[in-house]
Structures are given as structure tokens and as C-alpha cells.
1. Taking segment 112-130, which residues are exposed (fewer than 15 other Cβ atoms within 10 Å of the Cβ) and within 15 Å of residue 89 (Cβ to Cβ)?
2. Does residue 6 meet the test of being assigned to a helix (DSSP H, G or I), modelled with pLDDT of 90 or more and aromatic (Phe, Trp, Tyr)?
3. Consider only pairs whose beta carbons are under 7 Å apart and that are at least six residues apart or on different chains; among these, list those whose first residue lies in segment 118-130 and is touching a residue at least 60 places away in the same chain (Cβ under 8 Å) and whose second residue is loosely packed, with under 11 Cβ neighbours inside 10 Å.
4. Among the listed residues 53, 30, 19, identify the single one that is surrounded by fewer than 18 Cβ atoms within 10 Å (Cβ to Cβ), acidic (Asp, Glu), outside any loop (DSSP other than H, G, I, E, B) and at pLDDT 95 or above.
5. May I ask you to verify whether residue 73 is surrounded by fewer than 17 Cβ atoms within 10 Å (Cβ to Cβ), assigned to a helix (DSSP H, G or I), out of contact with any Cys (no Cβ under 8 Å at 6 or more places or on another chain) and among the β-branched types (Val, Ile, Thr)?
6. Here is a list of conditions, (1) out of contact with any His (no Cβ under 9 Å at 6 or more places or on another chain); (2) buried (at least 17 other Cβ atoms within 10 Å of the Cβ), and residue 88 meets all of them except one; can you say which number that is?
7. Restricting to segment 13-28, and then to whatever is charged (D, E, K, R) and touching a helix residue (DSSP H, G or I) at 6+ places or on another chain (Cβ under 9 Å), can you tell me which residue is nearest to residue 111 (Cα to Cα)?
8. For segment 54-66, give me each residue that is more than 15 Å from the chain's Cα centre (by Cα) and under 12 Å from residue 123 (Cβ atoms).
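The values are calculated or read from the model by the stated rules, or taken from the named source; none is laboratory data. None of these values were measured; they are calculated from a predicted model. Quick reminder, even Gly has a Cβ in these numbers, built from the backbone with ideal geometry, and neighbours come from all protein chains shown.
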Amino acid sequence: MSRIIWDDSYSVGIKEIDEQHKQWIGIINELHDSLIEGKELTEIGRKSLLAMEEYGIFHFTFEERYMEKIGYTDLPHHKREHEHFLQEIRQVIRDEEAGHLVLNTEIMGMLMNWLTRHITGSDKKYSATV
């Protein structure tokens, strides 16, 4: 598993949203690097997961307002994708806090795959309507 490297395939063509996606990729890459380097992940993992949840709320709110502004017709489905991801993150946080989970490559893969698939799939759909 390697870091997510930003390239034009991730661009939705909307500067502010692209910058937010880059920020989010940075959060995931920090967690990835810590995992690969074998650092103690308990506190690092918790902070990164909380940062991902917090940034997700910020970004999803911004993105959904943008979609409302442009009259994107698939907004309800897109909102459900966002909420599902936040539920997944919150469950991982709860499991980690309860000691039932240790962050590992499987969880990292899930986070990385969701974000890259969402950007290149769902986000590209609304940006194509602009």
C-alpha cells in the first residue's frame, strides 16, 4: 500500500474543492506514513481519525452547499455517501477507543480507497455538470 499522490486524475476542476481534497489526502498520508514507519498508533491514530471526521464534516458541508448552488440533481445520493463514510469513520473511532481495534493496513486501505473512489467517481459526476 502506498501513499496517495495527487495528480490531475483527482481534480474536479473546482479550485477550492481540489484544495480541500488535497488537504484530506494529506491527513490520510500522515496516518499512512506513521503506520508504515511502525510508530505507536494509539494516539496518532485517534488524532488522525478524529481529524478525518472533523475535516469530512467541513468538506462535505462545503461540497453539499456547492451542489445545492449549482442545482445538482443527484445531491440526495451524494449526501448519503457522505453520511455513510462518516458513520464508518465514527465506528472505527468507537472501536479504537474501546480497544477492539488497532489501526492497520486493512483500515488504511478502506479509508484510502473510499476517498479516491469517491473523488474520481461521485465528485467527478457533479463537477461535470458545471
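1. 113
2. Details: assigned to a helix (DSSP H, G or I): no; modelled with pLDDT of 90 or more: yes; aromatic (Phe, Trp, Tyr): yes.
No, not satisfied.
3. Close Cβ pairs (under 7 Å, with a partner that is loosely packed, with under 11 Cβ neighbours inside 10 Å) amount to 120/9.
4. 19
5. Details: surrounded by fewer than 17 Cβ atoms within 10 Å (Cβ to Cβ): yes; assigned to a helix (DSSP H, G or I): no; out of contact with any Cys (no Cβ under 8 Å at 6 or more places or on another chain): yes; among the β-branched types (Val, Ile, Thr): yes.
No: the conditions fail for residue 73.
6. (2)
7. In this case the residue turns out to be 22.
8. 66
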